[in-house]
Amino acid sequence: MGLFNRKNGFFDKLKSGLEKTKKLLLTDVDDLILGAKVIDQKLYDDIEEALIMADVGPTFAHELIERMQEQVKRKQLTQPELLKKVLRESMEEILVSGGIPPVSAPAGSSLVIMVIGVNGTGKTTTIGKLARAYKDEGKEVLLVAADTFRAAAIEQLEVWANRTGSPLVKQQAGADPSAVVFDAMKAASSGKQPIVIIDTAGRLHTKVNLMEELKKMKRIMGRELPGAPHETYLVLDATTGQNAVSQARLFHDEIGISGIILTKLDGTAKGGVVIHIARELKIPIRYIGVGEGLDDLRPFDAAEFVEALFD
């Protein structure tokens, strides 16, 4: 059934990729729990501090401690080592509840995916991997180079278009991105390419201009092809931790995001941001990247993620 559905040892890769996160998140918690003779307020405080340090976010950490206290009060938890079970169950619950299924393409039309994010997150490469995966599923893909600010971004997407055998809609560097999007929507309305993936600029130093530009592009998509973009994916670099959460909040408030693609999970101790984003921003994690390889981008599986972290 294509790249997205083949394991290819991905679980092992995910497990080794999450080693640094596991070390930061669970080693401290394990040490605290194993060293505790009794469950007391100091243990709760120490666990909460360890969780916040691991980037899961204060809201999740606080709720988890409340859940632990409640279960202890009801005598459902009597030994410190049982607290880890509550941590695991709580994480899985939050991540699974955020799993809203992706949108399907309207009948006879294309599924338009707008991909946004700051430069340096691996956005264009991620788009290439997505295109490759869809092609492996037998779907035709149209790539759209609407990051006209950087000539390198257009060239990079062109490489991916050639590699995946996908047509590319582009204009010269410096062209109006909305004009590129307009051309793409004309092509999309024919429905010949069921999947349309649009690359966009990500320069945060002109934040206001960037947001206005993205909003304009979104308006043009919706005007030319009602309902487009059907998905707006934000690509985040997991290694930036709290900064990734701030970016998600900013883009979500300004543009509206239907899903997150989290890259570089294999090189970070900050994988806890997955929990933070799912709990506080309530944006589903759609895909995760755990390496440079073409098949290292996969749909996010909450149960698999938690299992890789705890087992």
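Brief remarks follow.
- Charge dipole (Cα centre; +1 on Lys/Arg Cβ, -1 on Asp/Glu Cβ; no other charges) of the range 12-164 amounts to roughly 400 debye.
- Taking label points 7 Å from Cα along the Cα-to-Cβ direction, Glu63 and Glu137 give a separation of 2.9 nm.
- Top positive-direction residue, dipole computed over the chain with Cβ charges, set Leu111, Ser16, Asn243: Leu111
- Violating pairs (Cα-Cα greater than 21 angstrom) within the set Lys75/Lys282; Lys139/Lys216; Lys42/Lys84; Lys135/Lys218; Lys42/Lys282: Lys75/Lys282; Lys139/Lys216; Lys135/Lys218; Lys42/Lys282
- Hydrodynamic radius of the range 220-311 by the Kirkwood approach over all distinct alpha-carbon pairs: 13.9 Å.
- Database remark: amide H of Val169 closer than 5 angstrom to the amide H of Leu143, Val144, Ala145 (H placed geometrically; neighbours at sequence offset of 5 or more, or on other chains; Pro and chain starts carry no H).
- When +1 charges are put on Lys and Arg Cβ atoms and -1 charges on Asp and Glu Cβ atoms, the dipole computed for the chain relative to its Cα centre reaches about 680 debye.
- Contact order for the range 125-239, expressed relative to its length and based on alpha carbon pairs under 8 Å spaced 6+ residues apart, stands at 28 percent.
- Equivalent ellipsoid, the chain (semi-axes from 5 times Cα gyration tensor eigenvalues, Å): 40, 19, 17
- Within the same chain, aspartates and glutamates fewer than 8 places from Lys13 are excluded, and of the rest, those with a Cα less than 12 Å from its Cα are Asp266, Glu292, Asp295, Asp296, Glu304.
- If R0 is 25 Å, the Cβ-Cβ spacing of Val159 and Gln242 corresponds to a FRET efficiency of close to 0.15.
- A Cα-only calculation for the range 151-209 places Rg and Dmax at 12.6, 37 Å.
- Normalised by the number of residues in the chain, the average gap of Cα pairs under 8 Å and 6 or more apart makes the relative contact order 26 percent.
- Relative contact order of the range 210-300, taken over Cα pairs closer than 8 Å and 6 or more residues apart, is 25 percent.
- Considering only Ile33, Ala50, Pro102, the residue lying farthest towards the positive end of the dipole of the range 27-140 is Pro102, judged by Cα position with unit charges set on Cβ.
Read-outs: derived from the displayed coordinates by stated rules, not from any lab. Keep in mind that this is a model prediction, so the values were computed, not measured. Ideal geometry is used to build each Cβ from the backbone, glycine not excepted, and the neighbour counts take in all protein chains shown.
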